[in-house]
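All remarks here apply to the structure that follows.
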Amino acid sequence: MARIRVLVVDDHRIFAESLAAALAAEPDVDVSAAGSGPAALRSLERAAAESRRFDVMLVDADLGACAAQPARAVHVPEPGEDNLVDGISLVAGVRSGQLAVRTVVLAEKDDPRRAALALQAGAAGWVAKDCSLQRLLTVIRGVLRDETHLPPALLTGVLRELTAARKHRTESERLVESLTPREREVLRCMVAGLGRKAVAERLFLSPHTVRTHMQNVLGKLGVHSTLAAVALARRAGVGPADLGLARDVVERGGQLA
């Protein structure tokens, strides 16, 4: 019998242990648990290194909410980053780390906006925490067949959210395309969190020239701050510049403009 390896990620210990015990009673399910995003990533990486990959990760949508406010938007964590805020961020981190596991988000309540964010982050399902064990097992087995599972009551709202997100992405892509190649390079540095001085050293430009490029980027994107430009860039699918060559520059004190 092929066994399904499941990782439960929830910082509410009683819920996590109860769910793990219920799933472990199934003859074809092996279960492990993690109490935080960083712990989950470490478990996934260790399992992959030992050729014992997890098949499905069940993650609390509000992971870490008792210690910090839930994220307003999906944040993709960098390798080694330990300040994951919520479950949707963890889903995005798993995808960015190319860890081969299907993810299902467990939620206290139905929320079309957050469910859409979860799907965009790479989740294969959104399930209510109070659903039956049989329903959860159906979802687990379904996502292993590459199915996407959502509560029927959420479908219309999620489709509306995804349609709106696509519209915003298309507009963001159009604005980014208006930038010159050099301005796009500067924008990628901004997405990576580099400040004016660090960008200047990285691109071998004067700080004055970088300031001009940054002002042009903000103007063409129609925003008034670096943070707003970075948010728009992420919607358009613009990734950060590779920091491998610039890490020493950041450590010397480059500040966000």
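Quick check: from the Cα gyration tensor, does region 98-243 come out rounded (a/c under 1.5), prolate or oblate? Here region 98-243 falls in the prolate category. Were the residues from Phe204 through Arg174 laid out at 0.36 nm apart, the gain over their Cα-Cα distance would be 8.0 nm.
Ala16 sits among other residues whose Cβ lies under 10 Å from its own Cβ, and their net charge, with Lys and Arg +1 and Asp and Glu -1, is -3.
Just need the relative contact order of region 175-248 here, percent rounded to a whole number, with Cα pairs under 8 Å and 6+ apart. Before the final figure, lay out the partial values.
Details: 68 pairs, mean separation 32.3, N = 74.
Taking the mean separation of contacting Cα pairs over the length of region 175-248, I get 44 percent.
Residues in region 181-197 carry Karplus couplings, in order, of x, 5, 5, 5, 5, 5, 4, 4, 5, 5, 4, 6, x, 7, x, 4, 5 Hz; the curve used is 6.51 cos²θ - 1.76 cosθ + 1.60 with θ = phi - 60°, and Gly or Pro positions show x. The simple Förster model, with R0 at 22 Å and r as the Cβ-Cβ distance, assigns Glu147 and His12 a FRET efficiency of 0.20.
Is any residue of region 184-217 close enough, with backbone N under 16 Å, to a label point placed 7 angstrom from the Cα of Ser225 along the Cα-Cβ axis, and if so, which? It comes to 191, 193, nothing else.
Which whole-number percent gives the relative contact order of region 98-151, counting Cα pairs below 8 Å spaced six or more residues apart?
Working: 57 pairs, mean separation 20.2, N = 54.
Taking the mean separation of contacting Cα pairs over the length of region 98-151, I get 37 percent.
Read-outs throughout are calculated quantities, based only on the coordinates presented, and are distinct from any laboratory measurement. Model, not experiment: these values are computed from the prediction. Ideal geometry is used to build each Cβ from the backbone, glycine not excepted, and the neighbour counts take in all protein chains shown.
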